[in-house]
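Written below as structure tokens is the structure these notes are about.
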Amino acid sequence: MSRSTISTFQLFALFPDEPTARLYLESRLWPKGAICPTCAGRDRLTTRKNGFYRCNKCQLDFTIRTGTIFERSHVPLHKWLYAMYLVVTARKGISSMQMAKEIGVTQKTAWFMLGRLREACQSQGGKENRLAGIVEVDECFVGGKEANKHQAKKLNAGRGSVGKTVVLGLRERGGETRAMVIDATDTRTLHGAVHAYVKPGSLICTDEAPGYDGLDGLWFNHRTVNHGEGQYAKGNVNTNSIESVWALLKRGIYGTWHQVSAKHVGRYVDEVAFRLNAGRVAQHTLDRLDSFILAVDGKRLSYERLTA
């Protein structure tokens, strides 16, 4: 077996029940001991039974679940850990039906759990963690083909990207990926995303889409390949890496999730990006799991907000 992964059997041996999973989560989220989620205090805490703590300053009873994606969930924590393991190790994702069978919950519960897990996958860095070097930028379109829709659901507004959700991706050559849903592919939107996620001085590689025109200049070096003329590489200029992200996303949609509503496309994109970044296969499985655990704090998601 590969030294960079552990089997499900080994995972069950590490976390066979709720207490072991709780202690593991506490060691990762509270490495210096329990901390109050309200006042961030540590010195006036009282330990109670079953993982509960009392903050005598705030008069708050809390657990490791409080303020995380696990809050108000009745699913045992060792099942949550197994669900996280499935998400980071399933290359093309896992469906709610399959997860329900794997961890022994209903399909509706599994769907809600996956929604919460994708909420934790949202962190994609900011100005302090922008991409640099050679950065490939491209967009893809997610949604059903007009020709395959029922007549009553056709938009009758043209072909191509009509009725589809636009997803923009930026991938540092040999580095991380940023991906997000955008409203349009106009110059203002595309330039804004590049400036937000890429460090000045980087080499931007795109296709011939007109929305990228004008990037070359003071802030960036911009080079293109013309896919319309069958040109896919020009020296070190290509968009092969970001297009492999789209291949992975669409394999997940077609082969695993089957149908993704426009409302939730962004969450599925976040999951794919997380798996390519903090959850990439080059890291040991437990390291990937730790990265996931560190991302759950402050990401509470209610069913009402998920379905709103």
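Roughly what % of DSSP beta bridges within the chain run antiparallel, to the nearest 5? Present the calculation step by step, with values, prior to reporting the outcome.
Values: 22 of 31 bridges.
Given both bridge residues lie in the chain, the antiparallel proportion sits at roughly 70 percent.
When you count, for each residue, the other Cβ atoms within 10 Å and take the mean per peptide, how do 295-306, 110-121, 81-92 rank with the highest first?
So the order, starting with the most tightly packed, is 110-121, 81-92, 295-306.
Please give the direction-averaged projected area of the C-alpha convex hull for segment 127-263, in square nanometres with one decimal. Write down the numbers at each step before the final one.
Values: hull surface 38.2 nm².
Orientation-averaged projected area of the Cα hull: 9.6 nm².
Among TRP80, TRP246, which comes first, then next, by fewest other beta-carbon atoms within 10 Å?
Working: TRP80 25, TRP246 19.
Going from sparsest to densest Cβ surroundings: TRP246, TRP80.
Distance check, please: which entries in LYS57/LYS79; LYS92/LYS263; LYS79/LYS299; LYS164/LYS250 exceed 22 angstrom between their Cα atoms? If you can, show how the numbers build up before the last one.
Details: LYS57/LYS79 33 Å; LYS92/LYS263 20 Å; LYS79/LYS299 18 Å; LYS164/LYS250 13 Å.
Violating the 22 Å limit, Cα to Cα: LYS57/LYS79.
Defining a contact as two alpha carbons under 8 Å apart and six or more residues distant in sequence, what relative contact order in percent does the chain show? Walk me through the intermediate numbers first.
Values: 432 pairs, mean separation 70.2, N = 308.
The value is 23 percent.
How many percent of DSSP beta bridges within segment 127-263 run antiparallel, rounded to 5? Can you show the working numbers first?
Values: 15 of 24 bridges.
Within segment 127-263, antiparallel bridges account for around 60 percent of the total.
Have a look at the chain and give its Rg and Dmax from the Cα atoms, expressed in angstrom.
Final numbers for Rg and Dmax: 21.8, 69 Å.
What whole-number value in cubic angstrom gives the convex hull volume per residue for the C-alpha atoms of segment 230-308?
In segment 230-308, the Cα convex hull volume per residue is 150 Å³.
No lab work stands behind these numbers, since they all come straight from the coordinates. Keep in mind it's a predicted model, so treat the numbers as computed, not measured. As a convention, Cβ positions derive from the backbone with ideal geometry for all residues, glycine included, and neighbour counts pool all protein chains shown.
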